[in-house]
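Presented below is the structure to which this report refers.
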Amino acid sequence: MTPEGQGQARRYVRVRWDHALTDEPSVVVAELDARGCEVRKVEQYADGRRDLAGRGWETGSSFLSLDPWPSLDRINASDEFAAEEIPKSDFEALWRSAEEWFDDR
């Protein structure tokens, strides 16, 4: 039996959110499974804070949504969002950087 999600197609997405809310992230970077559900995610705030979420654990106010993400076209239909797919290597670099940010605290 394979672990949950292993062997499924993954997508990696970055969403920039243009707003003035200090308690909400300005950038969300997510690893999505074949159904579009979050597997891991990094939330970055305008003040430099970061939060992480992965299966079974969460930091700060970050958590994994149970619902699939909407399409990038639907996200980008709102002027306050800019969403794009990114390479897995970019996601992994951001994930490691966020982990290191917590290690330094």
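What follows draws every value from the coordinates through simple rules; no lab data is involved. Everything numeric here is computed off the predicted structure, so don't read it as measured data. Glycine gets a Cβ as well: all are built from the backbone with ideal geometry, and neighbour counts include every protein chain shown.
Run the numbers for residue 57 and residue 35: contour at 0.36 nm per residue of separation, minus the present Cα-Cα distance, in nm.
Stretched out fully, the residue 57 to residue 35 stretch lengthens by 5.9 nm.
For 12, 45, what's the fewest-to-most ordering of other Cβ within 10 Å of each Cβ?
In increasing order of surrounding Cβ atoms, one gets 45, 12.
Set the Förster radius R0 to 25 Å, insert the Cβ-Cβ distance between residue 47 and residue 92 as r into 1/(1 + (r/R0)^6), and round the FRET efficiency to 0.05.
0.55
Any chance you could check the Cα centroid distance between the stretch 83-105 and the stretch 30-54 for me, in angstrom?
Between the Cα centre of the stretch 83-105 and that of the stretch 30-54, the gap is 9 Å.
Dipole size in debye (nearest 20) for the stretch 11-103 around its Cα centre, Lys and Arg Cβ +1, Asp and Glu Cβ -1?
Details: 12 positive and 21 negative charges, 61 e Å.
About 300 debye.
Using +1 at the Cβ of each Lys and Arg and -1 at the Cβ of each Asp and Glu in the stretch 1-99, identify which of 72, 39, 29 lies farthest towards the dipole's positive end.
39
Just flag the GluC sites (Glu not before Pro) in the chain sitting in loop per DSSP whose Cβ has no more than 10 other Cβ atoms within 10 Å.
Details: sites: 4, 31, 38, 43, 58, 80, 84, 85, 92, 99, 100; in loops: 4, 80.
Here the sparse-neighbourhood loop sites are 4, 80.
Take the chain, drop everything but the C-alpha atoms, weight them equally and run the Debye formula without solvent; then report log10 I(q)/I(0) at 0.15, 0.20, 0.23 Å⁻¹ to two decimals.
Treating every Cα as an identical point scatterer, log10 I(q)/I(0) equals -0.62, -1.11, -1.43.
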